[in-house]
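Nothing in this text is a laboratory measurement; each read-out follows from the coordinates by a stated rule. Computed from a predicted model, the values in this text were never measured in an experiment. All Cβ positions, even for glycine, are placed from backbone atoms using ideal geometry, and neighbour counts span all protein chains on display.
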C-alpha cells in the first residue's frame, strides 16, 4: 500500500465527542456570563432604588424641617401664647382651630402620624399693633395705632386679633385695605373676601367678655400674620402629602416612597426651656392645655422611605426596641423611660421584601424658646 495514502487515511478532523465537549464548555461560559450579568443588574437595581429612597426621605424631612423651624412665629405676645384657639370663617361657616405652633395627630398603632405647623410670614408679626378703639364684633373696622409697623398691613394679609391675658380665643380676618385716620390706621376687612364673615355673622368672642377692648391696662392687639401658614404633613398612598389649611388647598404630593411618619413632642417642665421628656400625642397630649402647649419646646421626627424594588427574598427583619417589636425599621434608639413610636408596615404582606431608609431628627421650636414661654 502506498505510504502516502495510509498517512492521509489517518489524518482525521473533529469528532462528535470533541464537538460535544466544546459545546458544553461554551454553554457553561455563556451561563457564567449571564449569571454575572444578572447578579450585577440586580445589584444595580437595588442600589438605584436605594438612592431614590434616600433622596425621597431627605426631601420629605427637609420640607417638614423648614416649617418646624419657624413654627410659632406670630403666636407669642409678651411671653405668652396669644390664644389657644382661633375663630375663623372659611368655606361659608364659622370654625375654631387650635392655635398651636405644632400639633401632632397620632396615627395609632398601625398608621402614620400627621403634623400641623402654624406661623406668620410677616416680618412685623413680632411687634403686634394695639387696638385704639374697642371692637365688640367683627362688623366694624379694626383701628390700630399709627406706628411704623402698621404700614406693613396690606390687602391680602391675614390679621389675628388677640387679648392674651383675658384667655379669649383669637379671631382671624383678612385685610382688604387700610385707611389713615389721623393718628390711627383703619384696617378694612370687607365681607367680599371669603375669609371674612358677612355682617350678620360675628366672629369675635361673645358674652360675658365680648369682642376685643382697647383698654390701656390690657389692650387687645392685631398681629400681622402675612400669608399665615397653617400646613399639615401626612402620609397618603405611599407619599408625603402637604395640605394648605389656610386656603383649603391640597393635598399636594411632595415626595413619593414615604411609608411612615412618626413624631413626638419634646416637653420641658413648666417655666423651663430644657426638654426632659418625649411624649406621643396621646391622652392629655392629644389636645394639650394652654399650659402644656407652652411646655412643648421641640419635636422629634422620623421619616421612613421605602425602596420601590420588590426583592425576591426577605431583606428586612422586624426591629426590636424598648417600645416593642416593630414590623418594619425602628424610628430611633430609645429607652424604657422614653419609648419610641412603634412602626407597623404589615398592611403590605410583602413588607419584608423591601428595603427602607429611616431619617430622624430633633428640631427645636426656637420661637417658643425665644418667647420665653
Original post:
Taking R0 as 30 Å, what's the FRET efficiency between residue 191 and residue 273 from their Cβ-Cβ distance, rounded to 0.05?
Top reply: 0.10
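Please list the three semi-axes, largest first and in whole Å, of the ellipsoid equivalent to the stretch 249-373, using sqrt of 5 times the eigenvalues of its alpha carbon gyration tensor.
Details: eigenvalues 204, 57, 28 Å².
Semi-axis lengths for the stretch 249-373 are 32, 17, 12 Å.
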Original post:
Using a simple spin-label model with points 7 Å from Cα along the Cα→Cβ vector, what separation in nm is obtained for residue 287 and residue 123?
Top reply: 4.0
Original post:
If you take the C-alpha gyration tensor of the chain, multiply each eigenvalue by 5 and take the square root, what semi-axes do you get, largest first, in whole Å?
Top reply: 66, 23, 16
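Among DSSP beta bridges lying fully in the chain, give the percent that are antiparallel, nearest 5. Display every interim value, and only then the final one.
Details: 75 of 78 bridges.
The answer is about 95 percent antiparallel.
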**OP:** State, to one decimal in nm, how far the label point of residue 62 lies from the label point of residue 217, with both points 7 Å from Cα in the Cβ direction.
**Re:** 5.4
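Only helical DSSP H runs with n ≥ 4 go in: add -39500 (n - 2.57) per run for the chain, normalise by residue count and round the 222 nm mean residue ellipticity to 500 deg cm²/dmol.
Numbers: 4 runs with 72 residues, N = 373.
Computed mean residue ellipticity for the chain: -6500 deg cm²/dmol.
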Original post:
Helix 16-68 versus the longest principal axis of the chain: what angle, 0 to 90°, nearest 10, using Cα atoms?
Top reply: 10
Subject >> Choice from 339, 140, 349 with maximal GNM fluctuation in the chain (Cα, 10 Å cutoff) >> reply: 349
Original post:
Based on the Cα atoms of the stretch 129-226, what semi-axes does the equivalent ellipsoid have, where each is the square root of 5 times one gyration tensor eigenvalue, given in whole Å with the largest first?
Top reply: 18, 17, 11
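Which FRET efficiency value, to the nearest 0.05, is calculated for residue 252 and residue 31 with the Förster distance at 35 angstrom and r the Cβ-Cβ distance?
Values: r = 50 Å, r/R0 = 1.42.
Rounded to the nearest 0.05, the efficiency is 0.10.
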Original post:
What is the distance in Å between the Cα centres of the stretch 106-136 and the stretch 298-321?
Top reply: 33
**OP:** Compute the distance in nm between two label points, each set 7 Å from the Cα along the Cα-to-Cβ direction, one at residue 180 and one at residue 105.
**Re:** 4.7
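What FRET efficiency, computed as 1/(1 + (r/R0)^6) with R0 = 45 Å and r the Cβ-Cβ distance, is obtained for residue 310 and residue 336, rounded to the nearest 0.05? Show your work: numbers first, answer last.
Working: r = 36 Å, r/R0 = 0.80.
Plugging the Cβ-Cβ distance into 1/(1 + (r/R0)^6) gives 0.80.
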Original post:
Three principal axis extents, largest first, for the C-alpha atoms of the stretch 68-180, in Å?
Top reply: 56, 31, 28
